[in-house]
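Trainee: Below is one structure. I have some questions about it.
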Amino acid sequence: DKEKNIVEGELAVLLAKSGEIPLEVNESFSPSTIELIANETIATLDPKTMIVWIESLPKDYQAKAKWRYWLGRGLTNTGDKRGIDILKELAKERTYYGFLAAHDLGIEPSLNESLPGTEPLRVSALAAVMRLTELYAVEDFTNGRREWLHLDEKLALADKAALIEYLSQIGWLDLAIIAANRAELTDLLQVRFPTPYLETFRRHAFQTSIPVNFLIAVARQESAFNSTAVSSANALGLMQLLLPTAQQTANRIRFKKPTRSHLFDPRINIKLGSHHLAGLMRQFGDNRVLAAAAYNAGARRVTNWQKKSRGLPTVAWIETIPFKETRNYVKNVIAFSYVYSARLGIHQPVWSVHERYIP
């Protein structure tokens, strides 16, 4: 019976992916199977089917921001007033789905920012902090991170907050971001969303006609502003450029051919990264969602995904992206873009009009 239920669940998921989604939920399906099928209901734009499958999820699944958002939309689209209440509650949260809920309701998204503390760094006398500082000064980032990780496990929350702000003040931005997320101090927006190299970003955003908040959001997602970052795929620097991509971009804009070491220079990396992103923006009609997806997964893949989904609401299309990494990447970039628009005083909406549907 157990094996039969697994096979029936797998078949139901495959049928759902081909557009055949039943209105009745088989109670023998596992929560993960129900969630996969619920995800397929989003692209159907059938709110009744969506509601049936979302409400069949266990309560802990339904508590996720994603399912609260889609349940709220589904109920609202059927005229059920509970949907508005769900979206209003979700709009109080500073998350991708909180921003979507606020946009749907026509209200200002919540940032819920906490300002940096005024207390001095109470851990500054600790030998571990001194070692960490010296390791950062001599650019031994690997051992510096090990020192921080060892220290972080011993600190009280107040001391963690003080250390995080100290890391931000000395310029170790990527570690400060990691430390804030690890300590769940997510309201420290000045720490988690810094603006280093701002004039360089602004200059190249102007030259390429990319919204500066979007350009900075991509860099924040790619490297957390770590100019020495190297990915497992050998993407390099702030904007995480592959060397061949950087060289092709340089050739296109008639810039000197970069070497690997050149891409660790933030000025060169931002210049080439912004022009590469600008090329994707032109290719995809200035649609930030499609351009961000292409930056992560490649333009050819996104073109193929786009062909199958023309006319679909963008928020629904994002949920259908086959790669989990790219789905999360796009959601983060859109959320970060809004945060940076607020921090820079731009006040760009979550979506522009031309971005609401897949062209």
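Coordinate-derived values only; no laboratory data. Source: prediction; values computed, not measured. Here the Cβ positions follow ideal geometry from the backbone for every residue, glycine too, while neighbour counts run over all protein chains shown.
Trainee: How much FRET efficiency would the formula 1/(1 + (r/R0)^6) give for LEU243 and ASP1, where r is the Cβ-Cβ distance and R0 is 56 Å, rounded to 0.05?
Mentor: Numbers: r = 54 Å, r/R0 = 0.97.
The calculated FRET efficiency here is 0.55.
Trainee: Sequence gap at least 6, Cα distance under 8 Å: using those rules, report the relative contact order of region 270-355 to the nearest whole percent.
Mentor: Numbers: 54 pairs, mean separation 21.7, N = 86.
Once normalised by length, the contact order is 25 percent.
Trainee: In addition: Could you pull out every one of the lysines with an alpha carbon less than 28 Å from that of LYS88, ignoring same-chain neighbours closer than 8 positions?
Mentor: LYS48, LYS59, LYS64, LYS66, LYS324, LYS331
Trainee: Please report, in whole Å³, the volume per residue of the convex hull around the C-alpha atoms of region 159-274. Write out the running numbers ahead of the final one.
Mentor: Values: hull volume 11.3 nm³, N = 116.
Given the Cα convex hull of region 159-274, per-residue volume reads 98 Å³.
Trainee: Only sites in a loop by DSSP and with at most 11 other Cβ atoms within 10 Å count here; which trypsin sites (Lys or Arg not before Pro) in region 1-100 make the cut?
Mentor: Details: sites: LYS2, LYS4, LYS17, LYS48, LYS59, LYS64, LYS66, ARG68, ARG73, LYS81, ARG82, LYS88, LYS92, ARG94; in loops: LYS64, LYS81, LYS92, ARG94.
Hits after loop and neighbour filter: LYS81.
Trainee: Shifting gears a bit: For region 117-233, what does the relative contact order come out to in percent, with C-alpha contacts under 8 Å and a separation of six or more?
Mentor: Details: 81 pairs, mean separation 22.0, N = 117.
Answer for region 117-233 is 19 percent.
Trainee: Further, regarding this structure: For region 207-224 and region 287-311, what is the separation of their C-alpha centers, rounded to whole Å?
Mentor: Computed from Cα coordinates, the inter-centre distance equals 18 Å.
Trainee: Once R0 is set to 35 Å, what does the formula 1/(1 + (r/R0)^6) return for the Cβ-Cβ distance between GLU199 and GLU108, expressed as a FRET efficiency to the nearest 0.05? Walk me through the numbers before you get to the answer.
Mentor: Numbers: r = 28 Å, r/R0 = 0.81.
Once the sixth-power term is evaluated, E becomes 0.80.
Trainee: In nm, to one decimal, how far is the LEU45 label point from the ASN234 one, both placed 7 Å along Cα→Cβ?
Mentor: Using points 7 Å along Cα→Cβ, the separation is 4.4 nm.
Trainee: Any idea what the relative contact order of the chain is, in percent, if you count C-alpha pairs under 8 Å spaced at least 6 apart? Don't skip to the answer; put the middle values down first.
Mentor: On the way: 446 pairs, mean separation 40.2, N = 359.
Relative CO of the chain lands at 11 percent.
Trainee: If you don't mind, another one. Which of the aspartates and glutamates could a cross-linker bridge to LYS256, judged by Cα under 18 Å and excluding same-chain residues fewer than eight apart?
Mentor: Counting by Cα, and skipping residues close in sequence, LYS256 has these aspartates and glutamates nearby: ASP265.
Trainee: If you don't mind, there's one more thing I want to ask. Can you give the percent of C-alpha pairs in region 1-103 whose distance is more than 18 Å? It would help to have the intermediate numbers written out before the result.
Mentor: Values: 2532 of 5253 pairs.
Within region 1-103, distances greater than 18 Å cover 48 percent of Cα pairs.
Trainee: Another one. To the nearest whole percent, what portion of all C-alpha pairs in region 226-359 is separated by more than 17 angstrom?
Mentor: On the way: 5527 of 8911 pairs.
That fraction is 62 percent.
Trainee: Taking a spot 7 Å from the Cα of ILE346 along the direction of its beta carbon, which residues of region 71-111 have an amide N less than 17 Å from it?
Mentor: Zone members listed by number: 109.
Trainee: I would also like to ask the following. Please give me, ordered by residue number, the GluC sites (Glu not before Pro) of region 147-250 that lie in loop per DSSP and have at most 13 other Cβ atoms within 10 Å. It would help to have the intermediate numbers written out before the result.
Mentor: Working: sites: GLU147, GLU153, GLU165, GLU184, GLU199, GLU222; in loops: GLU153, GLU184.
Loop-located and lightly packed - GLU153, GLU184.
Trainee: A further question on this structure: May I ask which residue of TYR295, ASN251, LEU272 lies farthest towards the positive end of the charge dipole of region 249-331, with charges of +1 (Lys, Arg) and -1 (Asp, Glu) on Cβ and the Cα centre as origin?
Mentor: The residue sitting farthest along the positive end of the dipole is ASN251.
Trainee: Compute from the Cα atoms of region 213-291 the Rg and the Dmax, the latter being the longest Cα-Cα distance, and quote both in angstrom.
Mentor: Cα-based Rg and Dmax for region 213-291 come out at 11.8, 33 Å.
Trainee: Tell me which trypsin sites (Lys or Arg not before Pro) from region 131-173 have a DSSP coil assignment and no more than 13 other beta carbons within 10 Å of their own. If you can, show how the numbers build up before the last one.
Mentor: Numbers: sites: ARG131, ARG145, ARG146, LYS154, LYS160; in loops: LYS154.
Filter output for region 131-173: LYS154.
Trainee: Once both labels are modelled 7 Å past Cα along the beta-carbon direction, what's the ALA65-ARG267 spacing in nm?
Mentor: Rounded to a tenth, the inter-label distance reads 3.7 nm.
Trainee: On to the next question. With the radius of gyration and the Kirkwood radius both derived from the Cα set of the chain, what is their ratio Rg to Rh? Display every interim value, and only then the final one.
Mentor: Numbers: Rg = 22.5 Å, Rh = 22.4 Å.
Value, to two decimals: 1.00.
Trainee: Still on this structure: Treat region 97-193 as a sphere of radius equal to its Kirkwood radius over Cα pairs and apply Stokes-Einstein at 37 °C in a medium of 0.692 mPa s; give the translational diffusion coefficient in µm²/s, rounded to a whole number.
Mentor: Estimated diffusion coefficient is 227 µm²/s.
Trainee: Amide H neighbours of ILE358 under 5 Å, at least 5 residues apart or on other chains, H built in the peptide plane: list them.
Mentor: GLY311, LEU312, THR314
Trainee: Among the aspartates and glutamates, which fall within straight-line cross-link reach of LYS92, defined as a Cα-Cα distance under 19 Å, with same-chain neighbours fewer than 8 residues apart omitted?
Mentor: By straight Cα distance, LYS92 reaches ASP104, GLU108, GLU113, GLU184, ASP187.
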